[in-house]
Every structure is written in C-alpha cells, then in structure tokens.
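Here the structure comes first, spelled out in structure tokens, and everything after it is commentary.
The values are calculated or read from the model by the stated rules, or taken from the named source; none is laboratory data. Bear in mind that the values here come from a model prediction, so they are computed numbers and not experimental data. All Cβ positions, even for glycine, are placed from backbone atoms using ideal geometry, and neighbour counts span all protein chains on display. Ligands, DNA and RNA are excluded from the accessible area calculation, which covers all protein heavy atoms including side chains. Shrake-Rupley method; radii C 1.70, N 1.55, O 1.52, S 1.80 Å.
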Amino acid sequence: MAETVKVPTVTLKQIAATLAEKQGMSKKDANAFLEAFIATVTKHIKKGDKIRIPGLGIFVVRKRPARMGRNPATGEPIKIKASKKIAFRAAKELKEAI
C-alpha cells in the first residue's frame, strides 16, 4: 500500500510576509500589493488576454467547444456545454528550478 505524502500549502499571507521581510516593507503593504496584483491578473484573464510573467510562466484562456459525452453511470449520451478554462505553462526557469 502506497503512503500519502502531505505537501505543505503556502498561503497568500505567508508569501506577503516573506516579501515584506525581504523588501523591508510592512506585511499590510505587501498583502495589499499581492491582492492588487491578483485583481489585475484576474481582470486581464477575464478579457481573454494572455498573461506572461517572466521566470514564472504564461496564463492563457482556452476555449473548449461544446461536445457530446456519456454519463459514466448509465452510458446515456449527454451534451457538454462550451466552456473556458485557464491554462498555465510554466517558464523554463521555473521548470529547471524543480
């Protein structure tokens, strides 16, 4: 039986605290900056823009067309609506860092 390894989760507040410490700013200012950054990225993603962050990667909206699928329980065909998905492609530097 395989063991499950618990991976720690880093929160936005923890990232803000680290940035505040490294940049010599208050945690409140660092948190406000990160929230504004996320709001700005969200606004551009909603418009369908591609977001490129050097060293991190690229966020892009991909459109998925409507298609036919099957209900796995009954095998009955169902129509799946068209949708939009956010895709992320990691930058080369990020890939090499892990």
## Note on the structure
So, with points 7 Å from each Cα along the Cβ direction, the E76-V10 label distance in nm works out to 4.7 nm
### Message
Test of understanding: what is the full-extension gain from D49 to E93, defined as 0.36 nm times their sequence separation minus their Cα-Cα distance?
### Response
13.6 nm
### Task
Hey, can you grab everything whose amide H is under 5 Å from the amide H of G57? Only 5+ residues off in sequence or another chain; H modelled, so Pro and N-termini drop out.
A91
### Task
Relative to the longest principal axis of the C-alpha atoms of the chain, give the angle of the C-alpha long axis of helix 12-23, reported between 0 and 90° and rounded to the nearest 10°.
30 degrees
### Task
Would you be so kind as to identify which of L94, Q23, V7 lies farthest towards the positive end of the dipole of the chain, taking Lys and Arg as +1 and Asp and Glu as -1 on Cβ and the Cα centre as origin?
L94
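How high is the relative contact order of the chain, in percent, counting Cα pairs under 8 Å that sit 6 or more residues apart?
Numbers: 104 pairs, mean separation 18.3, N = 98.
Relative CO of the chain lands at 19 percent.
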### Task
Run the quick spin-label model on K85 and A32: label points 7 Å from Cα toward the beta carbon, then report their separation in nm to one decimal.
3.9 nm
### Message
Rounded to the nearest 10 Å², what accessible area does T18 have for a 1.4 Å probe in the complete protein model?
### Response
70 Å²
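Roughly how many debye, to the nearest 20, is the charge dipole of the chain about its Cα centre, given +1 on each Lys and Arg Cβ, -1 on each Asp and Glu Cβ, and no other charges? Don't jump to the answer; show the numbers that get you there.
On the way: 22 positive and 8 negative charges, 149 e Å.
The calculation lands at about 720 debye.
Mind ordering 81-92, 30-41 by average Cβ neighbours within 10 Å, highest first?
On the way: 81-92: 10.6, 30-41: 13.3.
With the highest mean Cβ count within 10 Å placed first, the list reads 30-41, 81-92.
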### Task
Step through the residues of the stretch 81-98 one at a time and calculate ³J(HN,Hα) from phi using the Karplus curve (6.51 cos²θ - 1.76 cosθ + 1.60, θ = phi - 60°), rounding each to whole Hz and writing x for Gly and Pro.
5, 5, 8, 10, 10, 8, 10, 10, 10, 5, 6, 4, 4, 5, 4, 6, 5, 9
### Phi-based couplings in Hz for the stretch 72-77 (Karplus 6.51, -1.76, 1.60; Gly and Pro marked x)
x, 6, 10, x, 6, x
### Query
For Cα extents along the principal axes in Å, which listed value, [x] 60, 46, 28; [y] 38, 31, 22; [z] 34, 25, 18, comes from the coordinates shown?
[x]
### Query
Can you work out ³J(HN,Hα) from phi for every residue in the stretch 31-45, in order, using Karplus 6.51 cos²θ - 1.76 cosθ + 1.60 and θ = phi - 60°, giving whole Hz and x for Gly and Pro?
5, 4, 4, 4, 5, 5, 4, 5, 4, 5, 4, 4, 4, 6, 4
